[in-house]
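Q: Dropping the structure in here first, questions after.
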There are 2 protein chains.
Amino acid sequence: MYRTKTCGELRLSNMGATVTLAGWVQRSRRMGGMTFVDLRDRYGITQLVFNQDKDADLCEQANKLGREFVIQVTGIVSERSNKNAHIPTGDIEIIVAGMQVLNCAATPPFTIEDDTDGGDDIRMKYRYLDLRRHAVRANLELRHQMTAEVRNYLGGKSFIEVETPMLISSTPEGARDFVVPSRMNPGQFYALPQSPQTFKQLLMVSGFDRYFQIVKCFRDEDLRADRQPEFTQIDCEMSFVEQDDVLCMFEGMTKHLFKSIRNIELTEPFPRMTWADAMKFYGSDKPDIRFGMKIAELPAELLRGHGFAPFNSAAYVGGICAEGAAAYTRKQIDALTDFVKRPQIGAKGLIYARVEADGSLKSSVDKFYSPDELLRIKYLFGAGPGDLILIIYGDDAMKTRKQLSELRLEMGGRLGLRDKNSFACLWVVDFPLLEWSEADGRFYAMHHPFTSPKPEDVHLLDSDPGAVSANAYDMVINGVEVGGGSIRIHDSELQQRMFRLLGFTDEQALARFGFLTNAFRYGAPPHGGIAYGLDRWVSLFAGLDSIRDCIAFPKNTSGRDVMIDAPSTIDASQLEELNLSITAK
Amino acid sequence: MYRTKTCGELRLSNMGATVTLAGWVQRSRRMGGMTFVDLRDRYGITQLVFNQDKDADLCEQANKLGREFVIQVTGIVSERSNKNAHIPTGDIEIIVAGMQVLNCAATPPFTIEDDTDGGDDIRMKYRYLDLRRHAVRANLELRHQMTAEVRNYLGGKSFIEVETPMLISSTPEGARDFVVPSRMNPGQFYALPQSPQTFKQLLMVSGFDRYFQIVKCFRDEDLRADRQPEFTQIDCEMSFVEQDDVLCMFEGMTKHLFKSIRNIELTEPFPRMTWADAMKFYGSDKPDIRFGMKIAELPAELLRGHGFAPFNSAAYVGGICAEGAAAYTRKQIDALTDFVKRPQIGAKGLIYARVEADGSLKSSVDKFYSPDELLRIKYLFGAGPGDLILIIYGDDAMKTRKQLSELRLEMGGRLGLRDKNSFACLWVVDFPLLEWSEADGRFYAMHHPFTSPKPEDVHLLDSDPGAVSANAYDMVINGVEVGGGSIRIHDSELQQRMFRLLGFTDEQALARFGFLTNAFRYGAPPHGGIAYGLDRWVSLFAGLDSIRDCIAFPKNTSGRDVMIDAPSTIDASQLEELNLSITAK
């Protein structure tokens, strides 16, 4: 070992000990014949002292050290006269007696500090330097702790971690697979898994009973800010369970993580909200319930026929009540109007109504409605003096609700109701089984084709498939969908009906999922499970805005790793071996 | 839950309790008005009893159950009159009061028993049924336990598990990468990692200090019996360490695994053997030291000039002494001769010499040598009465030693010296840095291009590169290389010299490894590590002959998953999106 102690562990109790440390030069400064160097490693920072009077040569060497030089020093632990209460090693310093430079360092392109001067692009290109910053490394330490605690919890509940293959064939709904040409099987391709879904179901057929895996998954889709082409799932499945068993098991895991990682004791059961209620009251299937501000719908009979044209023609009018925001200025309300009219949100306009101190309403539609009618609106929102009512209208109820959801989150943020250190967990349940696509003129599975319809709705599968609810559930924390799952179909006939509903011919279903439906013929147990997005969950616990900073080597929005410059071209000989050629665009 | 208890937990102490169980019908039999059903789940087997006299309807239902039906039963735990001492639940049975068939099952294509009647191909096609067999599932449970204990040990030593990317660019020595075409970057490809080598070194540059990862790696090579295109590594790296630190840390991990998994206490330090000694005395860089039978070289001056032509022209003559095998018949020795002359081994012939009870030697070359000369041979091997000396000769010392190694392992097996429940661990150290390829007329890195030469040999890098030893080491257990690693180069100039030695132009080195050598410029710490092959280690602990049965869904020797039929063709539209076309062979 190049060291006897780390840079994070020495205290006053070590005084007088001779120690050897190794690490990076964080900074150095000279003060009247003395040179002070902050030596950094993963565990902390320790101050080194070189004395010009005592050892001029050594001090001169120290004066030549640059930032990020790697050094090894030996010296005696001493009490600092000028203590630093901000760091655990702040009471001591090392009086250095010997030093060896293990490696020099060029000047880094940005400062290695929590508040760095490096922009996003340069930090990604030099990610190995960015990872030296305490703030970034702490995220990855958190990630490590979270996976360790997930394994502790699930291991304690008899779950077995089983590795499923990475080189598979095309998955459900085919598109967006990354494919891997096979050299040994010319013209054929593996696919990288979008999830281990079918394999974990096969493990249930095999009687594994309780399975989990923390596993890389892949999706080749156009990347948004918060997506990566490779991402990590906590993937779980259980046999002989009903929906409630899965929810209880993973509510337990969530509470265990909150307690062990964030030291937050969640004692109450998580609320459960139907998908229909989530859409109605929050305009979202992943409501942030850290705050209320529920959406209220305004009845048509109240609004129509008063000469305010937008309300006369709207299919849906609804709003929220922002408590205590009546003092919002015209300028602030204009900014909100611009916010909801942005193309990403797409509202037609924003109506506001202030509740004055005397309880009367002052609104942008005053001239169309009587004071009594305005008061009815106020009562609908349960609004009181000082509150601000914000109303949006539209031709499509679902779209308008989603616009209101964006407005609600924006107001929640502006009013300080979305504290990153406060957490509200929620189960959203009773999702629709199917989603109708106008564009394609067919149904799609809302979760995936293996999700079980609720038994009481099975009779609707032929007559009114859009009305069928699923045994599907999402776990939502602070408006972020951290996990989702379902009870699966375990009957091969029902599974085949489902494939037909989704527009697969029997031949297509056989070709794609034959191994699964075939497996079901040999005695499949009732089973269900859940998968968590680890990246999102870590970033939530870390208080990050993006998942990127809890991933060691992330890709940018073009799917590139700019540090190693991947993807890249390959040799003609490699292409030839794979029986492939590149077609011109 | 569909059950209140599992099929493995009921004991006499539960007598009288009403329980609900769910599982698979292992077998059923009728005996005079009673029907007995063995119900199986992951946790065990419990006997169910149906009584014709008490409930004729229920008993009739039970009589209709087929093998592998999935059922749920409720009943009372009772003491068995006819106890089964072979299973933990053998003292009790369930008097069934109610039953529900959860799923029927077609007759499986092979029996779900430890000794199945299913051949290899059919078991792989129906792997989900094969995995129901206790023997197979036990291997995967062992695998789970081993990874859990690896994480326990390394977590306790401050190692952080960090996920490195799967979509990277071409790795060192380029060939045998699986590639992944990028849709967003036409004409460009990611590569799947053969190992996270460069990334873990970057993490050391980042100051992560102690890293590990249990991670899938990929290699597109023609598969031998014991290789898979995707395999799992326990990948580890440490900073500020010398070779001895790494060996101690991972010797500790190995001992921890032996103790926690196999309950074997290894108290002695593992022996360390130089690569040169391993080749000289065992003809292998991974000697099985469960038994001695070391190779002895016979000096030319003793053998030449006696009229036995093969010895006169041989560059190397060596042999082993098989204790107690003097009684081997002519037929047995002929079989050994055939064994070493097989093309896979390629020896030219086998000379034998029996040590008779009176100490004299009876050999196949008696007529060429005097009794005294034969006795000298006997002494060279330290052979005694009853022993059998086996000698091989050849034109190339290394090749002949490897032939002797095969013969030695064969004899060890025949003499019962290779007990699967006895373990001998060994470090092989001081590997050569480089390997000369006659075919390519260039040096290759014996481990990989990042392995550090021994400091005392650096001066030979230009004058005699083949003589340079490396700070490289392998862990060998029972003749299986379970892990290997090295101290890495952390100096960017030395790294560039190494690239040049390996025939890279500076431009090629920059294009391929520029990010790594560039990273070294910003302060790289001394570092080193090791990687274990998890599949091999599990199969060693499980006593398996192949790694395949400790992998849930393995591929066959053509790289195919015959269960899901991967790889497979993909749609023309997918190819078009990827800007690829398939070239005819």
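Q: Kindly work out what percent of the DSSP beta bridges joining two residues of chain B are antiparallel, to the nearest 5. Working shown, then result.
A: Details: 92 of 100 bridges.
If we restrict to bridges inside chain B, about 90 percent are antiparallel.
Q: So if the hydrodynamic radius of the range A:153-280 is defined as the Kirkwood radius over C-alpha pairs, what does Stokes-Einstein give as its diffusion coefficient at 4 °C and 1.567 mPa s, in µm² per second? Could you put the intermediate results ahead of the total?
A: Working: Rh = 17.3 Å.
Reported coefficient: 75 µm²/s.
Q: Provide the gained length on full extension for the span A:Asp115 to A:Ala138, in nm with one decimal, where the gain is 0.36 nm per separating residue minus the Cα-Cα distance.
A: So the extension gain works out to 6.9 nm.
Q: Now for a separate question. Ignoring ligands, DNA and RNA, what accessible area per residue does the protein assembly as shown give at 1.4 Å, in Å²?
A: Numbers: 47090 Å² over 1170 residues.
Heavy-atom SASA per residue in the protein assembly as shown reads 40 Å².
Q: A further question on this structure: Could you check the spin-label model distance between B:Glu507 and B:Lys331? Points 7 Å from the Cα along Cα→Cβ, value in nm.
A: So the label points at B:Glu507 and B:Lys331 sit 6.8 nm apart.
Q: Give me the summed buried accessible area for the B-A pair, 1.4 Å probe, to the nearest 100 Å².
A: Values: alone 28950 and 28950 Å², together 47090 Å².
Interface between B and A: roughly 10800 Å².
Q: Turning to a different aspect of this structure: Zone of B:Ser313 (label point 7 Å along Cα→Cβ, backbone N under 12 Å): which residues in the range B:384-427?
A: B:394-395
Q: HN-Hα J couplings of the range B:480-492 from phi, Karplus 6.51/-1.76/1.60, θ = phi - 60°, integer Hz, Gly and Pro as x?
A: Here the 3J(HN,Hα) series is 10, 6, 8, x, x, x, 6, 7, 9, 6, 10, 10, 5 Hz.
Q: In peptide B:550-563, what is the residue-averaged number of other protein chain Cβ atoms found within 10 Å of each Cβ?
A: Values: counts 0, 3, 11, 9, 1, 3, 0, 1, 3, 7, 6, 6, 1, 6.
Taking all residues of B:550-563 together, the mean is 4.
Q: Still on this structure, I have one more. Using just the C-alpha positions of the range A:291-414 as equal point scatterers, what log10 of I(q)/I(0) does the Debye formula give at each q in 0.09 1/Å?
A: After summing over all Cα pairs, the log10 values are -0.21.
Q: Can you list the copy-to-copy distances for A:Lys454, using a point 7 angstrom from Cα toward Cβ, in nanometres, shortest first?
A: So the distances to the same position in the other copies read 7.4 nm.
Q: With just the Cα atoms defining each centre, how far is the range A:303-326 from the range B:347-390? Give it in Å.
A: Measuring centre to centre over Cα atoms gives 107 Å.
Q: Can I ask one more? Given points 7 Å out from each Cα along the Cα-Cβ axis, report the B:Met398 to B:Ile76 separation in nanometres with one decimal.
A: For B:Met398 paired with B:Ile76, the spin-label model returns 7.7 nm.
Q: Also, I was wondering about something else. Quick one: longest stretch of chain B between exposed loop GluC sites (Glu not before Pro), exposed meaning at most 10 other C-beta atoms within 10 Å and loop per DSSP? Mind dumping the intermediate values first?
A: Values: sites that count: B:Glu265, B:Glu438.
Looking at chain B, B:1-264 is the longest stretch - no exposed GluC sites (Glu not before Pro) with at most 10 other Cβ atoms within 10 Å.
Q: Using modelled amide H (1.01 Å from N, peptide plane; none on Pro or chain starts), what sits under 5 Å from the amide H of B:Ala566, excluding residues fewer than 5 places away?
A: So B:Ala566 has HN proximity to B:Asp561.
Q: Any idea what diffusion coefficient chain A gets from Stokes-Einstein, in µm²/s, Kirkwood Rh on alpha carbon pairs, 20 °C, 1.002 mPa s? Present the calculation step by step, with values, prior to reporting the outcome.
A: Numbers: Rh = 28.6 Å.
Estimated diffusion coefficient is 75 µm²/s.
Q: Round to a whole angstrom and tell me the spacing of the C-alpha centers of the range B:197-266 and the range A:491-538.
A: First find each Cα centre; the distance between them is then 36 Å.
Q: First measure r as the distance between the Cβ atoms of B:Ala56 and A:Glu242, then evaluate 1/(1 + (r/R0)^6) with R0 = 30 Å and state the FRET efficiency to the nearest 0.05. Write down the numbers at each step before the final one.
A: Numbers: r = 31 Å, r/R0 = 1.05.
Working from the Cβ atoms, E equals 0.45.
Q: So if I take the centroid of the Cα atoms in the range B:102-157 and the same for the range A:414-444, what is the distance between those two points in Å?
A: Cα centres, the range B:102-157 to the range A:414-444: 38 Å.
Q: Give the residue list of trypsin sites (Lys or Arg not before Pro) in the range B:226-320 that are DSSP loop and have at most 10 other beta-carbon atoms within 10 angstrom. Intermediate values should be presented prior to the final figure.
A: Values: sites: B:Arg227, B:Lys255, B:Lys259, B:Arg262, B:Arg272, B:Lys280, B:Arg290, B:Lys294, B:Arg304; in loops: B:Arg227, B:Arg290, B:Lys294, B:Arg304.
Taking the range B:226-320 and a limit of 10 other Cβ atoms within 10 Å, no loop trypsin sites (Lys or Arg not before Pro) are found.
Q: Probe radius 1.4 Å, ligands and nucleic acids ignored: give me the carbon and sulfur share of the accessible area of chain B as a rounded percent. Spell out each step's value before the answer.
A: Numbers: 11380 of 23550 Å².
Carbon and sulfur: 48 percent of the exposed surface of chain B.
Q: At a Förster radius of 45 Å, what calculated FRET efficiency corresponds to the Cβ-Cβ distance of B:Arg290 and B:Asp464, to the nearest 0.05? Walk me through the intermediate numbers first.
A: On the way: r = 36 Å, r/R0 = 0.81.
Once the sixth-power term is evaluated, E becomes 0.80.
Q: Further question on the same structure: With θ set to phi - 60° and the Karplus curve 6.51 cos²θ - 1.76 cosθ + 1.60, what are the ³J(HN,Hα) couplings of the range B:145-157 in order, to the nearest whole Hz, using x for Gly and Pro?
A: With coefficients 6.51, -1.76 and 1.60, one gets 5, 5, 5, 4, 6, 4, 5, 4, 5, 5, x, x, 9 Hz.
Q: Please grab the % of Cα pairs in the range B:12-103 that end up more than 23 Å from each other. Don't jump to the answer; show the numbers that get you there.
A: Values: 576 of 4186 pairs.
Result for the distance tail: 14 percent.
Q: Please list, in order along the range A:422-434, the HN-Hα scalar couplings obtained from phi with the Karplus expression 6.51 cos²θ - 1.76 cosθ + 1.60 (θ = phi - 60°), rounded to whole Hz, x for Gly and Pro.
A: Along the range A:422-434, the couplings run 10, 10, 10, 9, 7, 9, 9, 10, 6, 5, x, 6, 10 Hz.
Q: What does the convex hull of the alpha-carbon atoms of the protein assembly as shown project to on average, in nm²?
A: On the way: hull surface 242.7 nm².
Across all orientations, the protein assembly as shown yields a mean hull projection of 60.7 nm².
Q: Let me ask something additional. For a Förster distance of 45 Å, can you work out the FRET efficiency between the beta-carbons of A:Phe423 and A:Thr557, rounded to the nearest 0.05? If you can, show how the numbers build up before the last one.
A: Numbers: r = 28 Å, r/R0 = 0.63.
Here the calculated transfer efficiency is 0.95.
The values are calculated or read from the model by the stated rules, or taken from the named source; none is laboratory data. The structure displayed is predicted, hence computed values, not measured ones. Virtual Cβ from ideal backbone geometry, glycine too; neighbours counted across all protein chains shown. Please note that ligands, DNA and RNA were not included when accessible areas were found on the heavy atoms of the full protein model with its side chains. Shrake-Rupley method; radii C 1.70, N 1.55, O 1.52, S 1.80 Å.
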